[in-house]
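Take a look at the structure set out below.
The values are calculated or read from the model by the stated rules, or taken from the named source; none is laboratory data. Fair warning: this is a prediction, and the values are worked out from it, not measured in the lab. Please note: Cβ atoms are built from the backbone with ideal geometry, for glycine as well, and neighbour counts cover all protein chains shown. Protein only, heavy atoms only, side chains kept; ligands, DNA and RNA dropped before computing areas. Shrake-Rupley method; radii C 1.70, N 1.55, O 1.52, S 1.80 Å.
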Amino acid sequence: MGNRERIIEAALDLFNEHGCRSMTTNHIAAHLSISPGNLYYHFRNKEEIIRAIFERISEVVRATIRMPEDRAVTAAELGSYHLVGIETLWNFRFLLRDLSELLARDPELAAGYRELQQWLIAEFMGLFERMIAQGDMHRPGQKGVLHRVATNTFILWTSWVNFLTTSKSDPDVHPRDMLDGALQSFLSFEPYLEPHFAAEVRAVFESHARK
């Protein structure tokens, strides 16, 4: 692993553990036992490091939600999308905790986040349309409601870590908490699923909880 990747990994660990605001490039360099000059050779400032981490987030998220093109989406796959998605967000939790501040400070990061946000909502819409077409989901009666359901799913999915870290007196987050996040997101559209399909998705969560 080269120094650029080491810097990204170290920054991610420090940001997740201590928050982005309190960590400087000097903290990151000291953590790696390299000189600040060595770090600045790869990144001019902390904002560039955060953008590099966000690029990694975007790549992971886009790889996580990949629907099969030649067959129906299964309940097991739908449950897995949510479990892996919540786990991914936990791995990059600093961004969600400090999101408003980071986006306000860096217009380039804000533009990238908005693009990813729009892509994710569109992916949820595509997923819902696929499940409607295959007979496992019914379309809401009113026009435009399906898009709102997709937006609500995105909001729940991406806000869960921040909700956990701001609502609990105990700052520790446990695997069960992340499983609850996947379930909360699923509940936003469960009423539109056929009962047998919804039950199979819930079984994925229950099986994961027993591990």
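Things to note:
- For the chain, the solvent-accessible area with a 1.4 angstrom probe is 53 square angstrom per residue.
- R0 of 22 Å, Cβ-Cβ distance VAL84-ALA209: FRET efficiency to nearest 0.05: 0.90
- Rounded, prolate or oblate (a/c below 1.5 giving rounded, otherwise prolate when a/b exceeds b/c) for the stretch 103-204 by Cα gyration tensor: oblate
- Helix 107-133 axis, angle to the chain major axis (alpha carbon atoms, nearest 10°): 20 degrees
- Efficiency of FRET between THR165 and ARG139 - r from beta-carbon atoms, R0 22 angstrom, step 0.05: 0.05
- Rounded, prolate or oblate (a/c below 1.5 giving rounded, otherwise prolate when a/b exceeds b/c) for the stretch 142-199 by Cα gyration tensor: oblate
- Net +/- balance of residues flanking ILE28 in space, Cβ distance below 14 Å, scoring K and R +1, D and E -1: -1
- Answer label for Cα extents along the principal axes in Å (calculated), chosen among [x] 59, 34, 31; [y] 59, 41, 37; [z] 110, 34, 32: [x]
- GNM result for the chain, Cα springs below 10 Å: residue of SER100, SER185, SER80 fluctuating most strongly: SER100
- Of all the options LEU14, LEU116, LEU32, the one that moves most in a Gaussian network model of the chain with Cα springs shorter than 10 angstrom is LEU32.
- Residue among TRP160, TRP90, TRP119 with the largest mean-square fluctuation in a Gaussian network model of the chain, springs linking Cα atoms under 10 Å: TRP119
- Relative to the longest principal axis of the Cα atoms of the chain, the long axis of helix 175-187 lies at roughly 50 degrees.
- Tensor-based shape of the stretch 75-126 (alpha-carbon gyration tensor, a/c under 1.5 rounded, otherwise prolate or oblate): oblate
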